[in-house]
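Okay, structure first, notes after.
The values are calculated or read from the model by the stated rules, or taken from the named source; none is laboratory data. As the structure is a computational prediction, the values presented were derived from the model and not from experiment. When we count neighbours, we look across all protein chains shown, and the Cβ atoms used for this are built from the backbone with ideal geometry, even at glycine. Accessible surface areas use protein heavy atoms only, side chains included; no ligands, DNA or RNA. Shrake-Rupley method; radii C 1.70, N 1.55, O 1.52, S 1.80 Å.
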Amino acid sequence: MSQEPRTIGHYQLGDSIGRGAYGAVYRALDIHTGQVVAIKQVITEGEDKDDVIASTTHPNIVKYYGYVQTEKDLNIILEYCEGGSLQNTISKFGQISEKLVGIFIYQTLAGLDYLHSKEVIHRDIKAANLLSTKSGIVKLSDFGTSRLYDGKVTMAGSPYWGTLSYQYNIKFIAPEVITMNGATRASDIWSLGCTVIQLFTGEAPYQKMTVPSALFHMVNNDCPPLPQNASPVII
Ligand SMILES: Nc1ncnc2c1ncn2[C@@H]1O[C@H](COP(=O)(O)OP(=O)(O)OP(=O)(O)O)[C@@H](O)[C@H]1O
């Protein structure tokens, strides 16, 4: 006999489509409309049900449909992006051509520019947080660590130094954040530059280094090593 469907609010839970540092992501069906959505289940009740994404409307930012708080989890209801993350894309297909990296980054910049115009700093830009639709539209996601920019974002509540995400995000962090001088819009652009390297080469900058050695280079070098075969316009 098949299992009883699991529902959360008016959503029927489907298969798991991913897992991040804070919990799992499921495909789900809106039982009122038949729309397929993504539900990000966060284990603890945290700041992740952010107002930041709730007030955003942009084609290059993942749509937020609300949240359902259950006894155990916070369930964030999001637009379902069939292509998964660009991290998934490079894992499945390998490194991406310069032209396609350009197309992806152009769209990401449009979303980021909108976000910055709303005084929001994303603070966790990386290929794992760029989702794509089946037609190749790129959308910024994962606003759990975003903050309103109030002149200078402090380290408080920063993803960068949390024990869980520390190991995941380290290679994308801007030098000023490592040296505890706070994140600004420019820090997002730095992380996006690291993401360009990640998409183009298939791995994050300093990927093969130990964390202490990567941190040393990130703070002391002008920029991460640039891909040897990149055309001059990138360098
Ligand atoms: N809206 C969505 N549509 C489709 N797939 C999604 C969606 N949101 C997340 N995913 C999938 O689930 C995976 C995990 O996402 P999640 O945001 O939980 O973690 P992450 O960004 O990969 O890592 P971290 O939580 O450490 O930042 C993503 O890599 C992606 O493959």
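For His58, are the conditions met, namely being within 16 Å of the ligand (Cβ to nearest atom) and part of a loop (DSSP other than H, G, I, E, B)?
Taking the combined requirement at face value, the residue satisfies it.
Taking the condition at pLDDT below 90 and more than 15 Å from the chain's Cα centre (by Cα), does Gln35 pass?
No; evaluated as a whole, the condition is false for this residue.
Restricting attention to region 116-134, which residues are part of a loop (DSSP other than H, G, I, E, B) and either within 14 Å of the ligand (Cβ to nearest atom) or closer than 15 Å to Gln198 by Cα (or both)?
His122, Arg123, Asp124, Ile125, Lys126, Thr133, Lys134 - these are the residues of region 116-134 that are part of a loop (DSSP other than H, G, I, E, B) and either within 14 Å of the ligand (Cβ to nearest atom) or closer than 15 Å to Gln198 by Cα (or both).
Just one of Asp142, Asp113, Asp73 is charged (D, E, K, R) and near the ligand (Cβ under 10 Å from one of its atoms); which is it?
That would be Asp142, the only listed residue that is charged (D, E, K, R) and near the ligand (Cβ under 10 Å from one of its atoms).
Might you let me know whether region 178-194 holds any residue that is open to solvent by 60 Å² or more (accessible area, probe 1.4 Å), at pLDDT below 85 and part of a helix (DSSP H, G or I)?
No: zero hits.
Can you pull out every residue in region 91-106 that is surrounded by 19 or more Cβ atoms within 10 Å (Cβ to Cβ) and part of a helix (DSSP H, G or I)?
Scanning region 91-106 gives Val101, Phe104, Ile105.
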